[in-house]
Amino acid sequence: MDQAIIANSDQYLTFTLGDELFAAEISKVREVLDYPTITKVPRMPSYLLGVTNLRDNVVPVIDMRQKFGLSSAERTVDTCVVIVETELEGEQITIGCLADSVKEVLDLPPDQIEPPPRMGLDLNTEFLKGMGKQGDKFMLILNMDKVLSSKELRLVKETTEKSSGDELEVVDGDNPESPVN
């Protein structure tokens with residue numbers, strides 16, 4: 001792990017997925033939204049929920065639970081979308097990340113961060129910057145530029161571009177099971 005990168009980013013937004021605590025560098029986070037209206041995009045991977053309108057910009061929304069292979073959960077009043085900026089080949093891409101809840105912004109000095117665990121050759125952990133310690137609990141510190149692979153980011157970017165003009169099924173943010181006509 002590059003300690004110089006961690007030394008320059010001591011603040012993190014923490015959020016939950018199930019019982020697990022995750023963190024993203026605050027410099028990557030743009031805002032947190034209540035659950036918005038999401039427009040489904042046909043033929044997309046299950047982790048790509050669709051797109052939402054953020055001040056007249058089309059923003060893809062990914063389900064972090066599905067992306068990380070966790071079981072689905074019912075939406076609650078705490079369910080939100082964390083808007084982050086990630087980079088693909090030098091270009092900034094804005095994406096929304098569905099989270100169960102946002103907890104806090106916290107300072108996490110480098111001495112409270114350990115490298116990601118080595119889990120063997122077959123497990124890719126490059127999406128992890130490290131493991132943060134808060135008391136006796138660990139949090140997974142995400143490298144937001146690596147949560148989605150380059151191929152997945154290209155798909156998200158293409159989806160965003162195509163969604164700007166296509167007619168898509170709109171899902172009401174208050175009732176995700178009901179399409180809005």
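This ranking places VAL102, VAL82 by how few other beta-carbon atoms lie within 10 Å of each, fewest first, which gives VAL102, VAL82.
Binning all Cα-Cα separations of the range 3-173 at 5 Å, short to long from zero, yields these whole-percent fractions: 1, 8, 18, 21, 21, 16, 9, 4, 2, 0. Using the average count of surrounding beta-carbon atoms within 10 Å as a protection proxy, the listed peptides 53-62, 105-114 rank, highest first, as 53-62, 105-114. Among GLU87, GLU74, GLU31, a tally of other beta-carbon atoms within 10 Å of each Cβ gives an order, fewest to most, of GLU74, GLU31, GLU87. Within the range 3-173, antiparallel bridges make up roughly 90 percent of the DSSP beta bridges whose residues both belong there. Around the amide H of VAL61, modelled in the peptide plane, lie the amide H atoms of LEU49, GLY50, VAL51, THR52, GLY96, all under 5 Å away and 5 or more residues distant in sequence or on another chain.
Taken together, the values in this text are just the output of simple stated rules run on the coordinates, not laboratory data. Computed from a prediction, not measured in an experiment: that's the story for all the values here. Glycine gets a Cβ as well: all are built from the backbone with ideal geometry, and neighbour counts include every protein chain shown.
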